[in-house]
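Note sheet for the following structure.
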Amino acid sequence: MNERDLRLILTEKCNYRCTFCHHEGVAHEIFQTLNNDDYLFLYDTVRQQQNIQDVSLTWWEPLMYPKIESLCKLLHDRWAKITLVTNWSLLNINHEVGRRINRINISLHTLNQWQYSDITQTKTKLEHIIYNIELMRKLYPNLLIRLNATVVKWRNDNKEDISAMIDLADKYGLSIKFVELYPNTEPDFIPLETIKPILEELGFEKYQEKPRQIVYGRGKRIVVLTKISCGSTGQEEHVIAPEESDIFVSPDGFVSPYPSSENKISLYDAIKKQNSQEVSRLLQQAIDQIDPTRIPQKVLA
């Protein structure tokens, strides 16, 4: 299978207002939206033409998409490998999605209630998030669950916070990834290099290093550090080839090879007409926008 994902941004709605969120992928007003039949047609076309089977349901909060469970079923019945990216707060009322998906990524940045409330700008209690983790583990013990924590300066970049997150991952059998804040010009940005000594103090050793990822290990516990591709200063660059890029599609059918791209192409009419040849042509046009020698400055990790 192709290593890139089809990333479906199902809705522009979110019940959180995270302080570092830039609403990537949906920076324009939505006037028309795709439905489940459209998404299924798009997936069938992408799978046939691009050999893509991995689908991520992502940004902003996909569980606010009213037909999320039926979409998961439709994609699952087509053998899609589905990843759900969520803040986890709504899973108790949408737990049936666990029957159809392969993995859930949790956006959870701290286990300190005050910091959690400050980052997410909500009144959601961490006890509720932990309850939902326990619920999904009980209902779907073999479901892959990954904990994604964005590191924010002076909030969760200390030994106590990082150790608590790793302990949570150990307790519930979660994989865990710490992610740099984007972009690197944000006042709360802190490079992941500052996390390395903390991990080493906690008994971790460097296991593997890639251009954008560093993998640490302690026994069976693996911790991944993911760097941003490039901040607005251009200080962090990573060569990206077209075949490495994912395909982002917004609720109104705009496609781009990364969510903050300013050069978006509309698939809406082609999808509504179920013109697979035109969809394929436009998808390839979006992919070909990538300069393989330099990543554009606003690309996300």
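All of the numbers you see were taken from the coordinates with simple rules; none came from a lab. Just so it is clear, the model here is predicted, and its values are computed rather than measured. Note that each Cβ is placed from the backbone with ideal geometry, even for glycine, and that neighbours are counted across all protein chains shown.
Remarks
- Order of 204, 178 under a 10 Å beta carbon neighbour criterion, fewest first: 204, 178
- Coupling constants for region 85-95 follow from the phi torsions by the Karplus curve (6.51 cos²θ - 1.76 cosθ + 1.60, θ = phi - 60°), and in residue order they are 10, 8, 7, 6, 6, 9, 5, 5, 9, 10, 5 Hz; glycine and proline get x.
- In Hz, Karplus ³J(HN,Hα) per residue of region 127-139 (6.51, -1.76, 1.60; θ = phi - 60°; x = Gly, Pro): 4, 5, 5, 4, 4, 5, 4, 4, 4, 5, 5, 5, 6
- Between region 38-76 and region 131-186, the C-alpha centres lie 25 angstrom from each other.
- 170, 38 arranged by Cβ crowding within 10 Å, fewest neighbours leading: 170, 38
- Put simply, the amide H of residue 253, placed in the peptide plane, has neighbours under 5 Å in 34, leaving out anything fewer than 5 places away on its chain.
- Working from label points 7 Å from Cα in the Cα-to-Cβ sense, the residue 274 to residue 67 distance is 1.4 nm.
- Anchor residue 273: lysines whose Cα lies under 21 Å away (excluding residues fewer than 8 positions away in-chain): 264
- FRET efficiency for the pair residue 78 and residue 263, taken as 1/(1 + (r/R0)^6) with r the Cβ-Cβ distance and R0 = 30 Å, rounds to 0.55.
- Eligible lysines near residue 153 by straight Cα distance, threshold 28 Å, same-chain separation 8 or greater: 13, 123, 125, 171, 177, 196, 206, 210, 227, 298
- Distance between modelled label sites at residue 220 and residue 172, nm, 7 Å Cα→Cβ extension: 1.9
- Normalised radius of gyration (Cα atoms, divided by 2.2 N^0.38 Å) for region 6-287: 1.01.
- Applying 1/(1 + (r/R0)^6) with R0 = 22 Å to the Cβ-Cβ distance of residue 40 and residue 99 gives a FRET efficiency near 0.80.
- For the pair residue 134 and residue 208 in one chain, pulling the backbone fully straight at 0.36 nm per residue adds 23.6 nm over the alpha carbon distance.
- Residue-wise HN-Hα couplings along region 110-121, as the Karplus relation 6.51 cos²θ - 1.76 cosθ + 1.60 with θ = phi - 60° gives them from phi, are 6, 10, 8, 4, 5, 5, 4, 5, 5, 6, 8, 6 Hz; Gly and Pro carry x.
- Region 82-133: radius of gyration and largest Cα-Cα distance (Dmax), Å: 11.6, 34
- The slack in the chain from residue 17 to residue 126, taken as 0.36 nm per residue of separation less the alpha-carbon distance, amounts to 37.7 nm.
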